[in-house]
Structures are given as C-alpha cells and as structure tokens.
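Working notes, beginning with the structure itself.
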Amino acid sequence: MSLPKKGSYNFKIEQYQCNVRKMLRFSFLVNTMLSAADYHSTERGFGTDYLNSIGKTWVLSRLAVEMLRIPSRHEVITVETWVEKVHPLFTNRNFRMSIQSTGETLGWGRSVWAMIDTTTRHPADLMEIKEGRIMDFVTPPDHPDYIEVPITKPVRIQMEDATLAREVDTFFSDVDFNGHINSMRYLDHILDLFPLDWHKKNNIKRLDIAYIAEGRPEVPIRIYRNIPSENAEDNSTDYGFKILQKLPENKEETEACRLRLRTIPLI
C-alpha cells in the first residue's frame with residue numbers, strides 16, 4: 001500500500017497534561033509533535049524500532065515552534081507532519097497543528113533530525129539505510145501535500161553574559177528510551193524557573209531549541225540564563241538559556257543545549 005507523504009494524527013488534550021490555566025503544557029504540546037514524527041517515520045519503515053534493530057536511532061537536533069493559540073483541556077488537535085528535505089547526515093521535518101473539528105490553525109513547527117549510531121554515538125549516513133529510500137517521502141513544493149510553513153527556521157541562540165540560575169539533579173524520570181535526558185525535560189526545568197504568578201499572566205509564543213550534546217542522567221544540570229530582551233513592537237520578551245553538565249571525565253562543563261523562549265503577556 002502506498003502511503004501519503006504527509007502524516008496526520010489526532011491527540012485529545014487530557015486534564016493531566018494541562019497547566020493551572022487549563023491549557024496544554026508546552027512540553028506536552030511539543031511531545032505531540034515528536035509523537036507525530038515517530039508515527040510518521042514508523043509507518044514508512046524508518047521508525048526507531050527498526051533503526052534500533054540495526055544499531056541506529058533518531059536524535060532531535062534543532063526545533064522551532066511558533067503558536068497562534070495554545071489548545072485547552074478536552075480539545076482534540078491534529079498534528080500534520082512531513083519531510084521537507086533530506087541530506088546525508090540530517091533531515092528537515094515540518095509540522096502544522098490545528099483543531100480537528102474546525103481546522104483552525106494553532107501553530108507551526110520546523111525541526112532538524114540526525115541519525116546516529118547507538119554504539120559510537122556518531123552521525124550515520126541516511127542514504128545508507130534501505131538504499132536511500134527515505135527520499136521517497138520528501139514533500140517537494142510542487143506536491144499536493146506540501147504546506148508552506150510561515151515561520152522562520154530555528155534561530156541561533158546568543159548567550160552573552162549568561163549567569164547561573166539553578167542547578168538541578170537528574171533522575172530516572174528525566175531519561176528517555178535513548179538513555180539520555182529527554183529533550184522536553186529541559187524545557188520543564190526551565191519553565192520551573194518562572195513563578196506560578198508569571199505563568200498565569202504570560203503565554204509562550206515561540207520556542208527555539210538547539211541540542212549540542214547528549215545529556216547524561218544522574219549528573220546535575222546547570223541552567224544559565226541571560227538578561228531578557230523586550231520587543232516593544234509586539235510586547236514580547238525573549239529569554240535565553242543554556243544547559244551544561246560537569247561530567248566527571250571532563251575538566252570543563254559540557255554544553256547540552258540552548259533554548260530561547262519568546263513570551264507575550266495575556267491581554
């Protein structure tokens with residue numbers, strides 16, 4: 001059976017996934033996108049179960065998410081995802097999030113994924129897997145499934161004059177199936193830096209993440225934050241963060257990722 005290039009998956013917003021404002025927590029929002037990516041790649045023969053069987057796995061390298069509205073409790077959202085480009089060492093995947101019943105667009109996502117060898121942790125050549133048949137699922141601009149994504153690619157996150165905000169221990173609940181710290185646990189730890197009252201008065205409009213090295217479990221992470229910058233044009237505020245670990249075998253701290261939040265106050 002021939003599968004469409006684009007995948008479409010529905011997710012109901014459950015109560016346990018929501019914050020104090022009954023809106024979907026941003027880490028759960030991103031997790032629906034990552035789940036959609038997993039479903040899409042699995043259906044087309046490039047999922048993690050197959051890759052693990054040949055000593056490979058997917059890792060998220062960069063991600064940008066920009067929202068028009070955050071969905072609320074009990075709403076059903078549709079996440080569409082498709083492969084925009086494939087290069088030998090990475091692939092570009094896009095997302096559109098909408099309300100299932102009305103088609104209202106909620107937001108967009110752009111991501112970059114790499115395939116790595118699970119033993120060496122080094123990048124693997126995508127064209128060597130199944131004779132490069134991943135190219136069959138690329139959605140070019142002239143294809144009916146193609147959707148123009150109206151947000152910029154993940155930005156370069158500058159971190160001048162960053163200061164230590166918090167050191168956080170990591171445990172079993174931080175670890176994903178790849179054995180490293182789950183990407184969205186970083187976001188949760190960063191959002192915990194803001195007081196509850198701030199969360200009641202602000203929305204996240206855009207998230208940018210750049211992953212640099214795999215985070216190791218049971219080693220504390222150190223969260224650094226720079227001075228927020230304000231944009232008078234749209235009343236938004238940008239916050240920059242970087243997460244580092246002091247690994248026992250290294251003299252210097254190892255940088256795991258950088259993250260930028262663009263937030264807007266509630267009207």
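The values are calculated or read from the model by the stated rules, or taken from the named source; none is laboratory data. If you're wondering where the values come from, they're calculated on a predicted model, not measured in any experiment. No Cβ is skipped: glycine too gets one built from the backbone with ideal geometry, and neighbour counts run over all protein chains shown.
For this structure, a couple of remarks:
- Test: E148 is in a loop (DSSP other than H, G, I, E, B) and either exposed (fewer than 15 other Cβ atoms within 10 Å of the Cβ) or not aliphatic (A, V, I, L, M) (or both): yes
- Residue count for region 208-252 under the criterion of being assigned to a loop (DSSP other than H, G, I, E, B) and either in contact with a Phe, Trp or Tyr (Cβ under 8 Å, 6 or more places away or on another chain) or of a type outside the set (D, E, K, R) (or both): the result is 15.
- Of K205, K200, all but one fail to be assigned to a helix (DSSP H, G or I), touching a residue at least 12 places away in the same chain (Cβ under 8 Å) and of a type in the set (K, R); the exception is K200.
- Region 156-204, subset hydrophobic (A, V, I, L, M, F, W, C) and exposed (fewer than 13 other Cβ atoms within 10 Å of the Cβ), residue modelled with the lowest pLDDT: F177
- Within region 109-124, considering residues that are among the β-branched types (V, I, T) and not in a loop (DSSP other than H, G, I, E, B), the one nearest to M97 (Cα to Cα): V112
- Condition check for Y239: in contact with a Pro (Cβ under 7 Å, 6 or more places away or on another chain), of a type in the set (F, W, Y) and surrounded by 16 or more Cβ atoms within 10 Å (Cβ to Cβ): yes
- Scanning region 151-178 for residues that are of a type outside the set (F, W, Y), in contact with a Pro (Cβ under 9 Å, 6 or more places away or on another chain) and not in a strand (DSSP E or B) returns D169, T170, D174.
- The listed residues are L106, L68, and the only one of them that is outside the structural domain of K201 (by TED's automatic domain parsing) and either crowded, with 19+ Cβ neighbours inside 10 Å or among the polar types (S, T, N, Q) (or both) turns out to be L106.
- Test: residue in region 133-144 that is aromatic (F, W, Y), assigned to a loop (DSSP other than H, G, I, E, B) and touching a residue at least 12 places away in the same chain (Cβ under 8 Å): no
- Residue within region 43-54 that is basic (K, R) and in a loop (DSSP other than H, G, I, E, B) present: yes
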